[in-house]
1. For the condition open to solvent by less than 60 Å² (accessible area, probe 1.4 Å) and part of a loop (DSSP other than H, G, I, E, B), what is the one hit in Leu101, Leu92?
2. For the structure I just gave you, tell me whether Asp68 is assigned to a loop (DSSP other than H, G, I, E, B) and either modelled with pLDDT under 60 or not small (Gly, Ala, Ser) (or both).
3. Within the set of pairs 6+ apart or on separate chains, which have a first residue in the stretch 69-84 that is among the acidic types (Asp, Glu) and surrounded by 13 or more Cβ atoms within 10 Å (Cβ to Cβ), a second that is at pLDDT 95 or above and not in a loop (DSSP other than H, G, I, E, B), and C-beta atoms under 6 Å apart?
4. So which of Val91, Val80, Val51, Val123 is at pLDDT below 95, β-branched (Val, Ile, Thr) and under 18 Å from the mean Cα position of the chain (by Cα)?
Amino acid sequence: MSSRRPDRARVIPLRPPSARPHVPASAPAPVPAASRPAVREPLWRDLIGDVLRRERQAQERTLKDVADAARISLPYLSEVERGRKEASSEVLAAAAQALGLSLGDLLTRAQGELIRLAGRHPVRSRTTPASSRDGLCLAA
């Protein structure tokens, strides 16, 4: 039988121990999440949908035209554009290709939008200093 408790998640730190800030015992306790103002971070599906819609409209193309070219159902593409559905990488690649983009182009534009929106509402706490290692990490 394993010595690990099954109800505990294993935490893998993203920063090495030397990069984590040292917080002295006399430091004030972090502000509880309930008392902080709620800042809704954008969801990846919303960002991807916005990029797809903007590109489609910039090309003055209809949903039907792009859905047919990508071989995606029109209602599904509409839901992806509105951020209602998490599309697979295959669907995103097909939609991007129908718009003349690569999957990398689509994701790069979505990342740029995420950075732009995150700059407007920083999520950093007062006790965590900025680091040159701060960045975007996506995991499946």
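1. Every option except Leu101 fails the conditions.
2. no
3. Listed by first residue and then by second, the contacts come to Glu81/Gly49; Glu81/Leu52; Glu81/Arg53.
4. Val123
The values are calculated or read from the model by the stated rules, or taken from the named source; none is laboratory data. Since we're looking at a predicted model, the values are computed, not measured. Please note: Cβ atoms are built from the backbone with ideal geometry, for glycine as well, and neighbour counts cover all protein chains shown. The protein model used for the area step is the full one, side chains on, heavy atoms only, and it has no ligands, DNA or RNA in it. Shrake-Rupley method; radii C 1.70, N 1.55, O 1.52, S 1.80 Å.
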